[in-house]
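Before any comments, here is the structure.
Only the coordinates and a few stated rules stand behind these numbers; no lab work does. Quantities reported herein were computed from a predicted structural model and do not represent experimental measurements. Neighbour counts are summed over all protein chains in view; Cβ atoms, including those assigned to glycine, are modelled from backbone coordinates with ideal geometry.
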Amino acid sequence: MEIDIYMLISSLLSLTVGTLIGSEVTRYFYKPRVIVRYKDLSPLQDGNGVYWSIQIENYGRSVAKDCIAVVSLYDIENEDILPKAQIETNENLPTYRNEDIDLEIPRAQVVTEDHFRPISREAICWAKLGNPDVIDINPGISQTLDICKYQRSSENSYFIFPSEQGWRKLRVRIKSKDIRGHVLICPSNEFSTRVNFEIKLDYRGESQLKIRKPSRLLRFSKKRFEQINR
């Protein structure tokens, strides 16, 4: 009788372990895999500037759910914020004509000279119609993430960053300078993906976006999750 009990316990343990391992293997093979398409940097030009965006793709086998994106900008101080008096009246930002909203001119912004804070993990928007801050990315699909617009002017050029309200209300306007930072793309059902970026101005005053992968040490560290979300 004792042998039968031991065999039963052993069978139950084997079944439990096998089920757990099987579910983890299944989850690994069918989880979403959110990546950045580093070769597809195609800025959108308009009459007075250029929109810089990046392509985010899900090459996994399940939906990357509730993807939000946040941006952190390095070495931005109060004096880097564009004064309201220098804002162009015609910034030519999206108008959202299908929505019954009254947009300010110029658009209001969250971080100002008078209400300054470091730009750290601040929400930005997707380029999808309506500029939502949260989207699902199906397997095999890529979505475009808006980072900023470089506003050109004969007298004054500057950077415009959107907020979680899209281009309806802006995150911040920053004076013309080289900018470094990173973006985190955060699905609700997978770890965050990080992309470092740099926007440099050439001798003609034109902007160029460069993005690069995090180091292998960062991507494969045991503390990857904590480091990647700093």
Spin-label point model (7 Å from Cα, Cβ direction): what's the Arg37 to Lys210 distance in nm? 2.3 nm
Contour minus end-to-end for Asp102 and His115, with contour as 0.36 nm per residue of separation and end-to-end as the Cα-Cα distance? 2.3 nm
If you stretched the chain out fully between Tyr203 and Ile5, how much longer would it get, using 0.36 nm times the residue separation minus the C-alpha to C-alpha distance? 63.2 nm
What is the gain in length, in nm to one decimal, between Ser153 and Lys65 on full extension, counting 0.36 nm per residue of separation less the C-alpha to C-alpha distance? 27.7 nm
Simple SL model, points at 7 angstrom along Cα→Cβ for Asn138 and Asn48; separation in nm is 3.9 nm
Quick check on the exposure proxy: order Phe116, Phe161, Phe197 from fewest to most C-beta atoms within 10 angstrom. Phe116, Phe197, Phe161
